[in-house]
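A quick write-up on the structure given underneath.
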Amino acid sequence: AHTIPEILLQALRQARHVVVFSGAGISAESGVPTFRDAQTGLWSQFRAEDLATAEAYRQDKLLVWRWYQWRRQLLAQAQPNAGHHAIAALEQYVPQVTVITQNVDDLHQQSGSTCVLALHGNLRENICFACRRPGHAGPDDDTPPRCLLCGGSLRPNVVWFGEQLPTAIYRAAEQAAADCDLFLIIGTSGLVMPAASLPQLAQRKGATIALINTEATAHQDLAQHTLLGPSGTWLPALLAQAWPPSGTA
Ligand code: APR
């Protein structure tokens, strides 16, 4: 049932540099609630878009901090799934693999991918709201700890609405998109800019574009190949069919 077109397998086998561009969908099978459907229980009266801003933090540090501590608790139970593992395993076959992710869940890094460009930051890390230097907080801190260097309040190291993406990371993502020969779009609705413009850049520079998603998305027209269904099934199939275990080829 999960047969992959030979022409896509060829593109993968011959690729010098593969870029994986992922969104919330790749972590769905790890049970990570997406940004918007995470609003359950105690937090259902709040909208994520209203909490994930510098303005909200300025007005009510405790509220925003506690929301993030709760999200971190949910995330602590999540493990990388077969999709993350297949992407990490790609590095055994392809000379260069760059993972560009919009996710803040750290699951690509945990599955062993070595080059991960986290465009929207990392929920497990903290930085100072004032000086932006890294700081440490534990799961039991129910108020934001102080920065040891300047005394400011710590905040999660994620990109909030209205904030710029980290410049160096975004530039590296653009370079990877322009350089790769295969660009895999996985589990993203493709609606959030500027991240959503990277597939176009890859296409302009001549990369083969393939897409894995459970449904049609904004990037549909760019992709030469679409694999419709869960990434936790398609990605292992892609590897197994491109490089069959010896004896079964
Ligand atoms: N396998 C593949 N794709 C899936 C799966 C799955 N098992 N489950 C869901 N999807 C797809 C959905 O069809 C949808 O297209 O994943 C996509 C998730 O889209 P969004 O929830 O919009 O997530 P994302 O594209 O990562 O959002 C971008 O927006 O919420 C902000 O900053 C946040 O980084 C996030 C950004």
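The values are calculated or read from the model by the stated rules, or taken from the named source; none is laboratory data. The model shown is predicted, which means the values in this text are computed figures rather than measured ones. Because the Cβ atoms are built from the backbone with ideal geometry, glycine has one as well, and the counts that use them run over all protein chains shown. Heads up: the accessible areas ignore ligands, DNA and RNA and are worked out on the full protein's heavy atoms, side chains in. Shrake-Rupley method; radii C 1.70, N 1.55, O 1.52, S 1.80 Å.
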**Message:** Residue under question is Ser153, and the condition is that it be surrounded by fewer than 22 Cβ atoms within 10 Å (Cβ to Cβ), touching a Ser or Thr at 6+ places or on another chain (Cβ under 7 Å) and either over 30 Å from Leu62 (Cβ atoms) or at pLDDT 95 or above (or both); does it hold?
**Reply:** no
**Asked** at pLDDT 95 or above and under 14 Å from Ala76 (Cα atoms), is that true of Asp106?
**Response** yes
**Request:** Output the qualifying pairs, or none if there are none: Cβ atoms under 8 angstrom, residues six or more apart or on different chains, first residue in region 1-16 and farther than 17 Å from Ala223 by Cα, second residue hydroxyl-bearing (Ser, Thr, Tyr).
**Result:** His2/Thr233; Arg13/Tyr93
**Asked** Do any residues in region 92-112 that are part of a helix (DSSP H, G or I) have Cβ atoms under 6 Å from those of residues that are away from the ligand (no atom under 16 Å from the Cβ), where the two are at least six apart or on different chains, and which pairs are they?
**Response** Ser111/Ala88
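Being open to solvent by less than 30 Å² (accessible area, probe 1.4 Å), modelled with pLDDT under 95 and not hydroxyl-bearing (Ser, Thr, Tyr) is true for just one of Ala196, Ala216. Which residue is that? Explain how you work it out, then say what you get.
Working: Ala216 fails: open to solvent by less than 30 Å² (accessible area, probe 1.4 Å).
Answer to the selection: Ala196.
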**Asked** Taking region 155-189 as the search range and keeping residues that are touching a helix residue (DSSP H, G or I) at 6+ places or on another chain (Cβ under 9 Å) and free of Cβ contacts under 8 Å to residues at least 60 places away in the same chain, which one is farthest from the ligand (Cβ to nearest atom)?
**Response** Ala178
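Results for (1) open to solvent by 30 Å² or more (accessible area, probe 1.4 Å); (2) part of a loop (DSSP other than H, G, I, E, B); (3) modelled with pLDDT of 95 or more, shown as yes or no for each residue.
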position: Ala11; (1), (2), (3): no, no, yes
position: Gly31; (1), (2), (3): yes, yes, no
position: Arg58; (1), (2), (3): yes, no, yes
position: Arg66; (1), (2), (3): yes, no, yes
**Prompt:** Out of all the residues in region 70-91, which are in a helix (DSSP H, G or I) and over 18 Å from Leu117 (Cβ atoms)?
**Reply:** Trp70, Arg71, Arg72, Gln73, Leu74, Leu75, Ala76, Ala82, His85, Ala86, Ala89
**Request:** Kindly indicate whether any position in region 172-183 is closer than 18 Å to Lys61 by Cβ and of a type in the set (Asp, Glu).
**Result:** no
**Asked** Is region 202-215 home to any residue that is within 10 Å of the ligand (Cβ to nearest atom), over 16 Å from the mean Cα position of the chain (by Cα) and closer than 28 Å to Ala82 by Cα?
**Response** yes
**Message:** One residue is enough: does region 122-132 have a residue meeting the conditions outside any loop (DSSP other than H, G, I, E, B), among the aliphatic types (A, V, I, L, M) and under 30 Å from Ala176 (Cα atoms)?
**Reply:** yes
